[in-house]
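Below is one structure, written out as structure tokens; comments come after it.
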């Protein structure tokens, strides 16, 4: 790899200048996961939330991960499908507590739409 420095530079900045920010990201991910755990139909293993990622399962809703991610995107929340019925959300620099609260609201809206309509339109 000829340009390893280009790849390594952001990691060095993160470790030297962003440690406090990483702690905030971890708190936001925990807050996010705890909020998701309160939404009926979603499953979260809170013991696994130890970094800036919140993983949850939408299998009990009867809708696939890709459709759930698409519905979240329509609500302004970017998420990733990481396997059958599993969704990943990541907190990072630029994501503040207010954004996490809006994401939780969007997730609740998507789940409500699924329950009311029986599926996503």
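The numbers here are math on the coordinates, done by the rules we state, and not lab data. Note that the structure is a prediction, hence the values are computed from the model and not measured. So basically every Cβ, Gly included, is an ideal-geometry build from the backbone, and we count neighbours across all protein chains shown.
Of note:
- Spacing of the two label points (7 Å from each Cα toward its C-beta) at residue 20 and residue 66, in nm: 4.4
- The Cα trace of the chain gives Rg and Dmax of 16.0, 54 Å, the first to one decimal, the second as a whole number.
- Helix 19-37 vs. the chain, principal-axis angle (Cα, 0 to 90°, nearest 10): 10
- Pair residue 47, residue 27: separation of 7 Å Cα→Cβ label points (nm): 2.6
- Extension gain (nm, one decimal) between residue 40 and residue 116, 0.36 nm per residue minus Cα-Cα: 26.0 nm
- Peptides 37-50, 101-114, 69-82, 9-22 ordered by average Cβ neighbours within 10 Å, highest first: 101-114, 69-82, 37-50, 9-22
- Efficiency of FRET from Cβ geometry, residue 86 and residue 9, R₀ 35 Å, rounded to 0.05: 0.65
- The chain: angle of helix 65-74 to the longest principal axis, Cα-based, in degrees nearest 10: 80
- Relative contact order [Cα under 8 Å, 6+ residues apart], the chain, whole percent: 24
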